[in-house]
Amino acid sequence: MMGFLDGYLPYLLRQADQTLSEPFYAVLNHYGVARSEWRVLAVLHDLGDLGVVELAAASLSPQPTVTHALRRLEDRDLVTRRPGVHDKRQRIISITPSGAQLTATLITEATALEHEALAEVEGLTALSQQLRDLTEAVETRLRATQTNQQAG
C-alpha cells in the first residue's frame, strides 16, 4: 500500500534532490562553503551582478539567509557589495576573482558527481523540460490566483 508521501510530488522532488546532492554536500563541506553560500555563488556565476532581492529570488532562498551568506562570503573575499547606480540604498553583489575561481572548481565537482550519479538514467532531458514546464505552469497559476484575489 502506498502512503501519502509515496505520491506527493513536492516530497518526491525533495527526496531526489537530497539523494542526488548528498555527495556534493561533502564537497562543499571540504571547501568550507555552506549550501546557502553555494547557491549565491552559483547564481552570481550564471547571472552576473545582482541586487540582494534579485539574488535571493534567483537562489531560491529567503532574503535574510542570503544576507547572512553574503556577509560570510564577503569576509572571505569571495563577493563584494557596492551601492546601486540609481539607488544608493540598494546593494549590488559581484563575485570576486577568487570567488569565481572557487565557483568554477565547485561547478566542475558538481557536474562530475551529477554525471556519475545519473550515468545510467534515461530520459533526463525530457524530465528537465517537464520540470521547467511544471514550474512555469505553477507560477502562472499562482500569479493568476493572486491577481484574482487582489481584484476581488
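The values are calculated or read from the model by the stated rules, or taken from the named source; none is laboratory data. Owing to the predicted nature of the structure, the values given are computational and were not obtained by experimental measurement. Virtual Cβ from ideal backbone geometry, glycine too; neighbours counted across all protein chains shown. Protein only, heavy atoms only, side chains kept; ligands, DNA and RNA dropped before computing areas. Shrake-Rupley method; radii C 1.70, N 1.55, O 1.52, S 1.80 Å.
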Next item on the list: Based on the mean of other Cβ atoms within 10 Å per residue, sort peptides 93-104, 2-13 so the most packed one is first.
Entry: 93-104, 2-13
Next item on the list: With the Cα gyration tensor of the chain in hand, give its eigenvalues times 5 under a square root as the equivalent ellipsoid semi-axes, listed largest first in whole angstrom.
Entry: 29, 25, 13
Next item on the list: Mark the label point 7 Å from the Cα of Asp17 along Cα→Cβ and return the residues of the range 45-85 whose backbone N is within less than 18 Å of it.
Entry: 55-67, 69
Next item on the list: Give the residue from Phe4, Val79, Leu131 lying farthest towards the positive end of the charge dipole for the chain; charges sit on Cβ (+1 for Lys and Arg, -1 for Asp and Glu) and the dipole is referred to the Cα centre.
Entry: Val79
Check: If one computes the Cα centroid of the range 55-123 and of the range 12-51, what distance in Å separates the two points?
Finding: 8 Å
Next item on the list: Based on the mean of other Cβ atoms within 10 Å per residue, sort peptides 15-26, 126-137 so the most packed one is first.
Entry: 15-26, 126-137
Notebook entry, point to check: Tell me, what is the FRET efficiency for Arg82 and Arg35 to the nearest 0.05, using R0 = 25 angstrom and their Cβ-Cβ distance as r?
Noted result: 0.45
Next item on the list: Taking every pair of Cα atoms in the range 73-132, average 1/r, invert it to obtain the Kirkwood radius, and report Rg/Rh to two decimals.
Entry: 1.22
Notebook entry, point to check: Can you put Val138, Val40, Val52 in order of accessible area, largest first, using a 1.4 Å probe?
Noted result: Val138, Val52, Val40
Next item on the list: Tally up the carbon and sulfur contribution to the accessible surface of the chain as a whole percent, 1.4 Å probe, everything protein left in place.
Entry: 56 percent
Margin query: Please list 3J(HN,Hα) in residue order for the range 104-109, calculated via the Karplus relation 6.51 cos²θ - 1.76 cosθ + 1.60 where θ = phi - 60°; whole Hz, with x for glycine and proline.
Written below: 4, 4, 5, 5, 4, 5
Check: What is the set of long-range amide H partners of Thr96 at a cut-off below 5 Å, with H atoms built 1.01 Å from backbone N?
Finding: Val79, Thr80
Note to self: At 1.4 Å probe radius, can you tell me the per residue accessible area of the range 1-150 in Å²?
What the structure shows: 70 Å²
Margin query: Taking the Cα centre as origin and putting +1 on Lys and Arg beta-carbons and -1 on Asp and Glu beta-carbons, what dipole magnitude results for the chain, to the nearest 20 debye?
Written below: 880 debye
